[in-house]
1. Would you mind calculating the gained length between Glu192 and Val242 on full extension (0.36 nm times residue separation, minus the Cα-Cα distance), in nm to one decimal?
2. Rounded to the nearest 500, what is the chain's calculated 222 nm mean residue ellipticity when only DSSP H runs of at least 4 contribute -39500 (n - 2.57) each, over all residues?
3. With a sphere of radius 9 Å drawn around the Cβ of Arg203, what net charge do the other residues whose Cβ falls strictly inside it have (Lys, Arg +1; Asp, Glu -1)?
4. Stretched out fully, how many nm does the piece from Arg151 to Ala101 gain, at 0.36 nm a residue minus the Cα gap?
5. Under 13 Å Cα to Cα from Lys177, which aspartates and glutamates show up? Leave out anything in the same chain fewer than 8 places away.
6. Pull the list of the chain cysteines that no other Cys approaches to under 4.7 Å, Cβ to Cβ.
7. May I ask you to list the lysines whose Cα is less than 17 Å away from that of Lys78, ignoring any residue fewer than eight positions away on the same chain?
8. Compute the distance in nm between two label points, each set 7 Å from the Cα along the Cα-to-Cβ direction, one at Ala14 and one at Arg144.
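Read-outs: derived from the displayed coordinates by stated rules, not from any lab. As the structure is a computational prediction, the values presented were derived from the model and not from experiment. Cβ placement follows ideal geometry from the backbone for every residue including glycine, while neighbour counts extend to all protein chains displayed.
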Amino acid sequence: MHDTATHRIRIDLAYDGTDYHGWATQPGLPTVQDAIETGLATIFREPISVTVAGRTDAGVHAARQVIHCDVPVSLWEKLPGNSPERPAEAAMVSKLNGVLAREDGAIRILQARIAPPGFDARFSALSRSYRYRIAANDPDPLTRHFTYHHRKPLNIDLMAAEIAGLHGLYDFGSFCKPRPGATTLRTLQHFELETTADTLSVRLRADAFCHHMVRALVGALLQVGDGTRAPGWLRDRLAEPVRDSYMSLAPAHGLVLEGVEYPPDDQVAARAAQTRARRTTSQQTSG
């Protein structure tokens, strides 16, 4: 009889999204998901599908993304190979990185482990954190793949005032590309600017982000900062969530998924159930 028992494996990874058409599989185009699933199929010799904490757009990077996959126990136990003392988790990281390195080295597996019961990379998450990097001075060719250079001067004080104290539950309909049946209600936990001599960073954290939400918020903030829009314009759009042609997306390459936060292991199942229930209710009550 075929062994149907599986281990749920949590994998943390980083990637340079420059040459990928986003996270999610697209026919005929290179994506991060395709690269990972191809690598898993290579080392386990059968298809393994993955679930991601949060999809990233084409050209967006990740410092620490999280995914999960279900691996048959029989295949997992074969991973240590020629060294019985070697943990399967270490073997998986080594083998998967070896396969991925045959491509362009733009994806790196950071960690793998058997997940606690009920863990779901997407629904167990408490929050996702992003950083958008903007060059404070002339463009640096060495950082061009992950730092955006805005052509107009930016008033940082105006930008900081525009988002000061901006957090809580909102309808981000003005800042999201609509998806059928999906809610645009999100809880924004952190939205601040950080400045150094070389870089202006916009940092955002929320329970989740809808499609294009981060880049649209940064795009609106840039328009206030360069004088294209009057102060208060971002907040006005947030107060009246109307989908229109005024949504402006900041270029993808300046955006990095910094990390995904989860509760303690003994709370991940409850968190996943809570998130699923809330999303279902929101979708049923949204127009």
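1. Full extension of this stretch gives 15.6 nm more.
2. -8000 deg cm²/dmol
3. -1
4. Here the answer is 14.4 nm.
5. Asp57, Asp244
6. So, Cys69.
7. Straight-distance partners of Lys78: Lys95.
8. 2.3 nm
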